[in-house]
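Let me begin by presenting the structure, written as structure tokens, before commenting on it.
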Protein chains: 2
Amino acid sequence: MRNFADILLAAIDKKQNPSVVGLDPRLDRIPDSIKEGKTPGEAILDFNKGIIDAISHVVPMVKPQIAFYEQYGADGIRAFIETIEYARSKKLLVLEDVKRNDIGSTAKAYAEAHLGGAFGGDAVTVNAYLGSDGVKPFLEKTSEGKGLFILVKTSNPSSGELQDKLLDDGRAVYELMAELVDKWGNDCIGERGYSAVGAVVGATYPKEAELLRKVMPRAIFLVPGYGAQGGGADDVVPCFNPDGYGAVVNSSRGVIFAYEKLGGEFDEAAGRAAEAMREDISKALKKADKWPW
Amino acid sequence: MRNFADILLAAIDKKQNPSVVGLDPRLDRIPDSIKEGKTPGEAILDFNKGIIDAISHVVPMVKPQIAFYEQYGADGIRAFIETIEYARSKKLLVLEDVKRNDIGSTAKAYAEAHLGGAFGGDAVTVNAYLGSDGVKPFLEKTSEGKGLFILVKTSNPSSGELQDKLLDDGRAVYELMAELVDKWGNDCIGERGYSAVGAVVGATYPKEAELLRKVMPRAIFLVPGYGAQGGGADDVVPCFNPDGYGAVVNSSRGVIFAYEKLGGEFDEAAGRAAEAMREDISKALKKADKWPW
């Protein structure tokens, strides 16, 4: 079984694009023509299929955020699972943004659910406030080619209330978390030197990202906060290693609802927005001599 | 609209029992006779109905753990939602153990899902690693009589890897989280002096609980770790205030799979185990002069 980091880097190479599109459907922003006569889940699925068809030539991975599906109960969860199936049928990797966390025996159920048969994602986001025994069941799935991204420094305004606090040895809480991520990732390094254990590091905190890049040299960063949340292309550059790898930048609303700004059909607009995002990031990386292709 | 803390305390008074039963179904431990000819979700729902019927006379609240339902995709989520409906029809409060967490706009979707129409729980567990803007959407639901329990010091063996670390001012990370919980709970104090914002404090760490009781005097503690995880009745006593309120103790496996040890029908065994748990806790609280009835 190939290591998830190798699988992801190969997909990034193929598209020459280290970016990911977040599938965060909001029913009130889905065009009426898509919604007519359908349950919320059916409408979301059809919307996602349109987006996936329009972006699959340009991005290596999609990141559905499960909260927007849970809102519609079992109908929404069905749409989430069928979105994953559809994305995989289009040769996209799927990172489930679920931020699951619990004690060991319960975390095992989550790992089985999301990285096993029921949902079938390629990777998940994990919140490690509970420490290693809540992370271990996800780690065990790395032997099956699965990946995880652990929250380290999140993109939201209040992330510092806990994550920035200094410990008695001078490190910030997010640095401690980063060291744990580096340790957990030790046993699942792929052929290209990156680990199947990645880290979530917000584009909105580029200085912290620079430090974190050194603490977790082999972790692939999932970088939210680009676009709608205010992070620009230059802000994501510190998340990349000198070799031009080591990060995937996410945009959700900025791509999937691009038609609201750009006009035209929702899917075509999303395709154009995904291409523009690739262009934007590539320019910034080239300027920093971090474009690998 | 009544405050969730008042609703919960009234339910505890009615049963004279500050305990809660965790509905964490594991298919391999559900009797074959319940599973025959059913989907996993249907079997889980029937199992839960049997448990609920057997315990509803003795406990004020149940706590379904969503991981064990997510394992079965949409079928499992349907069982989770129908379990909530059934429990509420039997006048039980329902605390959804979901440990959800995300940035503000996403946390809002989670709060709508679980404390709104789709799932309809009375309260949820929340992981606040992301700080206040991820908590706020749940807080807003307290005006609708809903509650939340924020992870402070969890019951698992590795909880200390992050939570016990000392900050540069000498406080542990869990103390900082406790102070945030106290602050967040300030604006939703009920008539009886307790807040709709509670805290998760493991029975496996009684010394930490003693300190945390002082830091969060008005928070109701959800106390996991009793029973299968190794915490005893004496260990939960520090979680209660001198008035005998301020905590609900959870047992999951020890009650719902009691038939494996006690023999007999699964539901009757669960009923007896729930009664025994009440008795066990009441003895310890009486000994400490913390039994309010």
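The values are calculated or read from the model by the stated rules, or taken from the named source; none is laboratory data. In this text, all values refer to a predicted model and were calculated from it rather than measured experimentally. Heads up, the Cβs are rebuilt from the backbone with ideal geometry, glycines too, and the neighbour counts pull from every protein chain shown.
Please go through the stretch A:1-55 and pick out each residue that is outside any helix (DSSP H, G or I), buried (at least 19 other Cβ atoms within 10 Å of the Cβ), in contact with a helix residue (DSSP H, G or I) (Cβ under 8 Å, 6 or more places away or on another chain) and among the β-branched types (V, I, T).
Across the stretch A:1-55, the qualifying residues are A:V21, A:I30.
Against the conditions (1) over 16 Å from A:A203 (Cα atoms); (2) hydroxyl-bearing (S, T, Y); (3) out of contact with any helix residue (DSSP H, G or I) (no Cβ under 9 Å at 6 or more places or on another chain), where does A:Y259 fall short? Just the number, please.
(3)
List every residue pair whose Cβ atoms sit under 6 Å apart, with the two residues 6 or more apart in sequence or on different chains, where the first one lies in the stretch A:2-27 and is within 14 Å of chain B (Cβ to nearest Cβ) and the second, anywhere, is aromatic (F, W, Y).
Once the first residue is within 14 Å of chain B (Cβ to nearest Cβ) and sits in the stretch A:2-27, its partners that are aromatic (F, W, Y) give A:D24/A:F68; A:P25/A:F47; A:P25/A:F68.
A:D280 - would you say it is over 22 Å from A:S56 (Cβ atoms) and either of a type in the set (D, E, K, R) or at pLDDT below 95 (or both)?
no
Filter the stretch B:61-74 down to residues that are under 24 Å from B:A10 (Cα atoms) and not polar (S, T, N, Q) and give me whichever is farthest from the other protein chains (Cβ to nearest Cβ).
The selected residue is B:M61.
Hey, does the stretch B:168-179 have a residue that's under 18 Å from B:D122 (Cβ atoms), under 21 Å from the mean Cα position of the chain (by Cα) and either surrounded by fewer than 22 Cβ atoms within 10 Å (Cβ to Cβ) or acidic (D, E) (or both)?
For the stretch B:168-179, residues under 18 Å from B:D122 (Cβ atoms), under 21 Å from the mean Cα position of the chain (by Cα) and either surrounded by fewer than 22 Cβ atoms within 10 Å (Cβ to Cβ) or acidic (D, E) (or both): absent.
Only one of A:A203, A:A209 is touching a Cys at 6+ places or on another chain (Cβ under 9 Å), under 28 Å from A:G190 (Cα atoms) and assigned to a loop (DSSP other than H, G, I, E, B). Can you tell me which?
From the options A:A203, A:A209, the qualifying one is A:A203.
Would you confirm, using the coordinates I've provided, whether B:E191 is surrounded by fewer than 24 Cβ atoms within 10 Å (Cβ to Cβ), assigned to a helix (DSSP H, G or I) and either among the acidic types (D, E) or within 17 Å of the chain's Cα centre (by Cα) (or both)?
No; evaluated as a whole, the condition is false for this residue.
Please enumerate the residues belonging to the stretch B:215-250 that are of a type outside the set (V, I, T), within 14 Å of chain A (Cβ to nearest Cβ) and either in a strand (DSSP E or B) or farther than 23 Å from B:L176 by Cα (or both).
Once the filter is applied, which keeps residues that are of a type outside the set (V, I, T), within 14 Å of chain A (Cβ to nearest Cβ) and either in a strand (DSSP E or B) or farther than 23 Å from B:L176 by Cα (or both), the stretch B:215-250 yields B:L222, B:Y226, B:G227, B:A228, B:Q229, B:G230, B:G231, B:N250.
Condition check ((1) among the aliphatic types (A, V, I, L, M); (2) within 17 Å of B:E140 (Cβ to Cβ); (3) in contact with a Lys or Arg (Cβ under 7 Å, 6 or more places away or on another chain)) across all residues:
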{"position": "B:Q71", "(1), (2), (3)": "no, no, no"}
{"position": "B:I77", "(1), (2), (3)": "yes, no, no"}
{"position": "B:F80", "(1), (2), (3)": "no, no, no"}
{"position": "B:L95", "(1), (2), (3)": "yes, no, yes"}
{"position": "B:A109", "(1), (2), (3)": "yes, yes, no"}
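Which of (1) small (G, A, S); (2) surrounded by 21 or more Cβ atoms within 10 Å (Cβ to Cβ); (3) assigned to a helix (DSSP H, G or I) is the odd one out, the single condition A:S158 does not satisfy?
Just one mismatch for A:S158, condition (2).
Would you pick out the residues in the stretch A:159-208 that are at the interface with chain B (Cβ under 7 Å from one of its Cβ atoms), under 22 Å from B:D133 (Cβ atoms) and of a type in the set (D, E, K, R)?
A:E161, A:K165
For the stretch B:75-153, list the strands (runs of 3 or more DSSP E) that sit wholly inside it and hold at least 3 residues that are surrounded by 24 or more Cβ atoms within 10 Å (Cβ to Cβ) and at the interface with chain A (Cβ under 9 Å from one of its Cβ atoms); which are they?
Correct list: B:93-100.
Can A:A228 be described as at pLDDT below 95, under 20 Å from A:L95 (Cα atoms), hydrophobic (A, V, I, L, M, F, W, C) and under 17 Å from the mean Cα position of the chain (by Cα)?
Yes; evaluated as a whole, the condition is true for this residue.
For the stretch B:279-289, give me each residue that is in a helix (DSSP H, G or I) and more than 22 Å from the chain's Cα centre (by Cα).
B:K286, B:K287 - these are the residues of the stretch B:279-289 that are in a helix (DSSP H, G or I) and more than 22 Å from the chain's Cα centre (by Cα).
Matching residues to (1) without any contact (Cβ under 8 Å) to a residue 24 or more places away in the chain; (2) within 19 Å of the chain's Cα centre (by Cα); (3) over 25 Å from B:D97 (Cα atoms):
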position: B:S251; (1), (2), (3): no, yes, no
position: B:Y259; (1), (2), (3): no, no, no
position: B:L262; (1), (2), (3): yes, no, yes
position: B:D267; (1), (2), (3): no, no, no
position: B:G271; (1), (2), (3): no, yes, no
position: B:M277; (1), (2), (3): no, yes, no
position: B:W291; (1), (2), (3): no, no, yes
